[in-house]
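Colleague: Structure incoming, see below.
The values are calculated or read from the model by the stated rules, or taken from the named source; none is laboratory data. Note that the structure is a prediction, hence the values are computed from the model and not measured. Here Cβ is always computed from backbone atoms with ideal geometry, including for glycine, and neighbour counts include all displayed protein chains. With ligands, DNA and RNA removed, areas are computed over all heavy atoms of the protein, side chains included. Shrake-Rupley method; radii C 1.70, N 1.55, O 1.52, S 1.80 Å.
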Amino acid sequence: MKQALLLRLIGLNCLLSLLIHPSQAQETREISGVFSGVSFERFAQMVEQKSSYRFFFNPDEIPDLTININAYQNTLPQLLNQLFKETDLQYTIDHHDRVFITKGEKLSYQPSENLYRVASEADTLPSADEPSQLKEERSFAKNRLWQIGNAARSEGETEARLTGTITSFESGEPIIGAVVYALEQAARAITDEEGHYSILLPKGRLTLVIQSFGAYQEQRQVNLLGDGRLDIAMDDNIISLTEVTVTSEKSANIERPEMGLENISMQSMRKIPAVLGEVDVLRAVLTLPGVQTVGEASAGFNVRGGAADQNLILYNNATIYNPTHLFGLFSAFNPDMMEQVDLYKAGVPVRYGGRLSSVLDVQGKYGNKEKLEGGGGIGLMTSRLYLEGPLGEKTTFAAGGRSTYSNWLFGFLDEESEFRDSRASFHDLNLNVQHEIDENNLLKFSGYLSQDAFRFDRDTAFAYSNQNANLSWRRYFNDNLEGEMTLGHDRYRFSIAGEFDPLNAFDFGFSMNQSHWRTHFDLDLDDSHQLSFGMNHILYNLSPGSIFPQGEASLVLPEVIPRERALESAFYIGDEYEVNSNLLLSGGLRYVVYNYLGPNSVNLYPPTSIRSESTLIGQEQYEPGEIINTYHGAEVRVSARYTLDNFTSIKAGFNTNRQHIHMLTNTAAIAPTDTWKLSDPNVRPQLGSQLSLGYFKNFENNIIETSVEVYYRTMRNLVDFRSGATLILNDAVEQDILNTDGQAYGVELMAKKTAGKLNGWISYTYSRSLLRTSAQELGERINDGRWYPSNFDQPHDIMLVGNWEFTKRINTSVNANYSTGRPITLPIAKFNYGGAERVFFSERNEHRIPDYFRVDISFNLEGNHKIRKLAHASWSAGIYNVLGRANPYSVYFAPTNGVLQGYQLSIFAQPIPFITYNFKF
Amino acid sequence: MRQWIYYMGVLMVFFSGCRELYEPELSSFDHNLLVVEGYIDVGESTTEFKISRTNPIYSEQASTPQNGALVAVEGQREGVWDLIPQGDGLYALEGSLPTNQAYRLTISMDNTQYASQFVAPIITPEINEVSFEKSPGGMKIFASTKGNEEANFFIWGYEETWIYRTPYVSYFEYDQELEDFVNQDQRLHQCWDEENSLRIIMESAERFQNRQINNKELLEIPLNSEKLGHRYSILVRQRAVDHDAFVFWESIRRNSDDIGNIFSPLPSFLSGNIINLDHPSEPVIGYVSVGISTEKRIFIDRQDAQPWLAIIPEYRACQIDTVSREDYADHFRFSNNVPIQEYCDGFSPVCTAFLSTTRNCTDCRLRGGTLERPSFWEDFSF
């Protein structure tokens, strides 16, 4: 050990002396004298006395060497050569006449493997328990000039080979795959499994750069004199690179056959400023062209002029009937558990169906295979936590939960306030597990639970929940065929409990149960045909409403609207056919058979009269399992893409959809207490068709994407309601339904910059959405049977989403949205009736609320880069509605000093600051 | 459900929302729609209709009474009974009608004919009980009844009458000519006041077991209201109507109860069962129901409400002055001051001063009440 250290020190001195006397030439001096029977130690002493030579050796290595030599004007090398002839000792003489005796191998300035580790940094450093010095030394290593190689040995050559080992400073493990290069030089080297590298570089001053994933970039100033060795230890770095963008996806918007597909990555979603700091899937969806909402805190969204119940919201194959918490303030999807979100506005793939307007496909995580990881966030109102990782070799899982503590907010209220007794709570839980049975078989389980409960005073409590579970099995039959089968159950229910008066205490409930079985296959027929086919079956079991008395004293009559059952089966086949490199056709046919099932009783009306209590001619009873009636029909999904050049394409599409489930709502927004109705002999399925055409062009090497899309939609058998309709606990709801036609059309312009310090998109949409009481409807005709705007007809809509990356750690986002105010029916005249002032309303949706305009900003700050931290954190802070504009959410009229006065109500009328702390471990 | 919607609105505001004035530009619209309100009572009670016209939304008056119309009740089989104009848009018909036929209301004016549909009379079941109970907010009054095959949907109205008193009683009056006090013949300290229901109170008996509506809340007298200061009476009127009328009244009720909240139902308005015979598309507001209404009166005495501190804000400022003899003329002549009684110092038989207060503290009529004892009034008795 001692010698090794000694040698090293020598080596270092050596190098330093080279620095100091770079041009000193080696002289040859002669030695004379008789050395008889002396030990080597004595010999060395004698030589030292006579000359300027100094010996360095390990006496243990030369124990039994007796010197018998007669020297006369011999050079020292001559003598030593003679002396060491029979031994394995070697010698080295340096510029300072120092003589190094080594055993076996010659000591050399050249990095001779392992022995002479000239420039290993780690060796030059003191032990790690002196951190401040350590730090100093390490930063020194980056800035000092490393002399490498012996110029003399490779004179004439212009290039030299630099070798070495790259290790992690943290663990000492070799770093595999690190890239080593010198600035302004073409040569690159990559470390092998042991961390070794070897690179041929021109001699002279160089800046050596070492890069590796998961480590900071390292630099060394090197004066390369000849072949040499430099070992480098690198600091680990968790966040050294931005996310990798797969460039083959870049021109996807040009290449894809389908239109109207929007997909949002979780990264971009995180940058969108959110209310109260919650990353929100639904709010992100609202930034897309063609997607609108009636108000800021409303559960539903409207796609291309369709009603909110026409969106199929899927989370890992499960249908989510109410995707929000706290009556629409938050989406019910935990952002940490999401992988990707796709929204199909048109060109819905043939495997999906059942809704007219869109499919929102939210894909959850199934956990990574490498290690257990977790994370979460703490916001002003909610906290969340997730954990993912392997469970054994072939199984991975991801689990997450989120909960609110909004109750404390109510505690701040005035003691007098009637809302002090209010309580609102929600939580959601996710569990996804994936198991790889073998190479070809994959099993996935996905479970989801979300629950909301709130009460606004001591008397009435509301609650709703989504419960979903499904199991899917994916099998790769061969290179061309893969299949997936999913079995699952979805449940949505809500309840209202009224306890204000013991005599009238009640418990109202609604529940929706659906079991689904999906089988899907993808088949690559040949290079130009990609087939997909399969079938979906959904068994609906819906309890439209029930009311029960609560407590002994209650006189409320229990009432249960009979359950509704139906089986919706769809069989589909689709083909993506690449005619040539320019033309891609995609066609699909989906045949849907809907059976309304017993047991149930169906109200009968004469076919040519209006449906009302007085025209009811009877009821027909059906036995369990009996098919009451059947609706069936084909859905067509066709689209074509023609590329004009690599950056330009034209697309066209036509599709039809059928919907057998209708939301019964006569409010503008979706309320958590809206019930659903299945199609029955009196309520026909909704039918819709959409024709769309688009032109897509990319600029600047696909960094800028632009598109123009136009669409025209028609809809039939929509449900609107008679004035004064009762929708809850109505077992003859068909009497209140007005069969309604719809049409919607629009143009969507979008420009998007996908990369760079500044990125984001701007979009403009002009769209209309109109309704008309169907001509066959014999009863009430809204607005005398003319077309009238739907509740979500907002013709002009401009959306700007911009991100600016100051550094990799800090970025800021701006989100601006303008849209025309939604239509509203206004009171236009007033009169006295029933002892009070009443108002007379205009025609349906004849007026509009004021336009909507909002700007949000947010800052995202990644945590510092210290490696030894419990968790990696990031902060997200921002302001929702920076301008503090009081955007009207709705308007209402109330008497003030005897005169009816209009008021507009806004929800977020002030700038709402938010801050969220996110962490990962 | 209603409650839910209301709370939703307030909660929205709580989430730092806010409320601003909103005055939309309204399209030009004929604001003079005909409004008809009333009930054809084939029983003992008076058939009374109020006919008016709608006004623009921002006007001070909600509606303008329609006078000069010819209003009549027409039997489906036989008979036409003209209603007598009472002024102020009111038309009335005394006396009972045959119960064995349907009736309609006809209105004609300015060469325009309006008529309601023929409606069969519904005989309203008796009110079983009008009860009251103290509540944290005051005093709640309930009605209970029982529906039957014909009568399932109920609408209630009420008339409240109560006694209130001034804090001081004046036994004298200052005679301006005599310049002396004379005995006040009439006591002005006790008045009866009345108020009619302003809310629409309705309930469907179908919801309940045996169609028994128990303790339907009609109103809540606010805590420490003057109404229960002495003696109070309420006449509850109950009418059974048909389903369509019930839907109409429901829409009227909703009309003012929840407008414009995002979770409130889309505004809908049913114009009722009256049409313009010449232009059936013209909206006419109102629903004519026919039947026999029933009434029940109860009295509530202050003892029933104890403790109850009836507070009349106007009387809080009432004070008594002592006016000496030499100041009588100055104080009482042509002024608002009223003598209460002579003030006699100690046990002295000579009274040298008069107690005085302002007129509004002795004359209850100035608050709108009447001295006239209503014919139905029963005094408190043990």
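Colleague: With every protein chain present, what accessible area does B:HIS230 have (1.4 Å probe, heavy atoms only), rounded to the nearest 10 Å²?
Modeller: 50
Colleague: Identify, among A:LEU589, B:ALA115, A:PHE506, the residue whose Cα sits farthest towards the positive end of the charge dipole of the protein assembly as shown, taking +1 on the Cβ of Lys and Arg and -1 on the Cβ of Asp and Glu, with the dipole about the Cα centre.
Modeller: Checked the options; the winner is A:LEU589.
Colleague: Quick check on my link table: of A:LYS203/A:LYS757; A:LYS371/A:LYS444; A:LYS369/A:LYS757, which ones sit more than 30 Å apart, alpha carbon to alpha carbon?
Modeller: Details: A:LYS203/A:LYS757 38 Å; A:LYS371/A:LYS444 19 Å; A:LYS369/A:LYS757 32 Å.
Flagged as over cut-off: A:LYS203/A:LYS757; A:LYS369/A:LYS757.
Colleague: Return the carbon/sulfur percentage of the accessible area of region B:62-136, one whole number, probe 1.4 Å, all protein chains in place.
Modeller: 47
Colleague: For region A:254-920, with every protein chain kept in place, what is the accessible area per residue (1.4 Å probe, Å²)?
Modeller: Numbers: 25220 Å² over 667 residues.
Dividing the accessible area of region A:254-920 by its residue count gives 38 Å².
Colleague: So what is the 222 nm mean residue ellipticity for chain B from helices alone, if each DSSP H run of at least 4 adds -39500 (n - 2.57) and you divide by all residues, rounding to the nearest 500 deg cm²/dmol?
Modeller: Numbers: 4 runs with 37 residues, N = 382.
My calculation for chain B gives -3000 deg cm²/dmol from helical runs alone.
Colleague: Then there's this: Partner chain Cβ atoms within 10 Å, averaged over the residues of B:210-216 - can you pull that number for me? Walk me through the numbers on the way to the answer.
Modeller: Values: counts 2, 1, 2, 1, 4, 4, 2.
Average per residue, whole number: 2.
Colleague: Can you tell which of A:ALA469, A:SER450, A:ILE496 lies farthest toward the positive end of the dipole of region A:442-588, using +1 and -1 charges on the Cβ of basic and acidic side chains (Lys, Arg; Asp, Glu)?
Modeller: After comparing all options, I get A:ILE496.
Colleague: Calculate the dipole size of the protein assembly as shown relative to its Cα centre from +1 charges on Lys and Arg beta carbons and -1 charges on Asp and Glu beta carbons; express the result in debye to the nearest 20.
Modeller: Values: 112 positive and 166 negative charges, 798 e Å.
Rounded to the nearest 20 debye, it is 3840 debye.
Colleague: For chains A and B, what's the summed buried accessible area, probe 1.4 Å, to the nearest 100 square angstrom?
Modeller: Details: alone 43070 and 22480 Å², together 58460 Å².
For A against B, buried area totals roughly 7100 Å².
Colleague: Further question on the same structure: Taking amide H positions as placed 1.01 Å from N in the peptide plane, with prolines and chain starts having none, which residues 5 or more places from A:VAL891, or on another chain, fall under 5 Å of its amide H?
Modeller: A:LEU905
Colleague: Turning to a different aspect of this structure: Peptide B:235-244: average number of partner chain Cβ atoms within 10 Å per residue?
Modeller: On the way: counts 0, 0, 0, 0, 0, 0, 0, 0, 3, 4.
Mean shielding by partner chains, rounded to a whole number: 1.
Colleague: To continue, here is another question. For chain B, with a Gaussian network of springs between Cα atoms less than 10 Å apart, report the residue from B:ASP193, B:ASP242, B:ASP327 with the top mean-square fluctuation.
Modeller: B:ASP327
Colleague: Additional query: Specify the residue with the greatest mean-square fluctuation among B:SER59, B:SER204, B:SER293, computed from a Gaussian network of chain B linking alpha-carbon atoms under 10 Å apart.
Modeller: Of B:SER59, B:SER204, B:SER293, the most mobile in the Gaussian network model is B:SER59.
Colleague: Would you look at the GNM of chain B, springs on alpha carbons closer than 10 Å, and say which of B:PHE299, B:PHE334, B:PHE154 moves the most?
Modeller: Highest fluctuation among the options: B:PHE334.
Colleague: How many Å² of accessible area per residue for chain B, probe 1.4 Å?
Modeller: Working: 18870 Å² over 382 residues.
Dividing the accessible area of chain B by its residue count gives 49 Å².
Colleague: Mind checking the angle between helix B:243-257 and chain B's longest principal axis? C-alpha axes, 0 to 90 degrees, to the nearest 10.
Modeller: Compared with the principal axis, the helix lies near 50 degrees.
Colleague: By accessible area of protein heavy atoms, probe 1.4 Å, what ranking do A:GLU170, A:GLU484 get, highest first?
Modeller: Working: A:GLU170 65, A:GLU484 25 Å².
Result, largest first: A:GLU170, A:GLU484.
Colleague: Give me the angle, in degrees from 0 to 90, between the Cα long axis of helix B:2-14 and the longest principal axis of the Cα atoms of chain B, rounded to the nearest 10.
Modeller: Helix B:2-14 and the main axis of chain B meet at about 70 degrees.
Colleague: How big is the dipole moment of region B:59-132 about its Cα centre under a simple scheme where the beta carbon of each Lys and Arg is +1, that of each Asp and Glu is -1, and everything else is neutral? Debye, nearest 20, please.
Modeller: Values: 2 positive and 9 negative charges, 53 e Å.
Its charge dipole is roughly 260 debye.
Colleague: While we're on this one: For A:LYS830, which aspartates and glutamates qualify as cross-link partners when the Cα separation must be under 13 Å and same-chain residues fewer than eight apart are set aside?
Modeller: B:ASP30, B:GLU60
Colleague: So, one more: Is the C-alpha gyration tensor of region A:254-920 telling us rounded, prolate or oblate? Criteria: a/c under 1.5 is rounded; beyond that, a/b larger than b/c is prolate, otherwise oblate. Kindly include the intermediate steps, with their values, before the conclusion.
Modeller: Values: a/c = 1.33, a/b = 1.16, b/c = 1.15.
The shape class here is rounded.
Colleague: Hey, another quick one. Just add up the charged neighbours of B:VAL35: K/R +1, D/E -1, any other residue whose Cβ is under 12 Å from the Cβ of B:VAL35.
Modeller: Values: positive: A:LYS830, A:ARG838, B:LYS50, B:ARG53; negative: A:GLU837, B:GLU37.
Local net charge: +2.
Colleague: Among all the lysines, which ones have a C-alpha under 20 Å from A:LYS85's C-alpha, if same-chain residues fewer than 8 places away are not counted?
Modeller: The reachable lysines, counting only those whose Cα sits under 20 Å from A:LYS85, are A:LYS103, A:LYS106.
Colleague: Please compute the average number of Cβ atoms from other chains found within 10 Å of each residue's Cβ in peptide A:841-852. Walk me through the numbers on the way to the answer.
Modeller: On the way: counts 6, 6, 2, 3, 2, 3, 4, 1, 3, 3, 0, 0.
Averaged over the peptide's residues, the number is 3.
Colleague: At a 1.4 Å probe, what is the % contribution of carbon and sulfur to the accessible area of region A:575-622? Show your work: numbers first, answer last.
Modeller: Numbers: 1370 of 2530 Å².
Carbon and sulfur atoms account for 54 percent of the accessible area of region A:575-622.
Colleague: Shifting gears a bit: Lys/Arg Cβ at +1, Asp/Glu Cβ at -1, dipole of the protein assembly as shown taken about the Cα centre: which of B:CYS361, A:PRO323, B:TYR328 is farthest positive-ward?
Modeller: Selected residue: A:PRO323.
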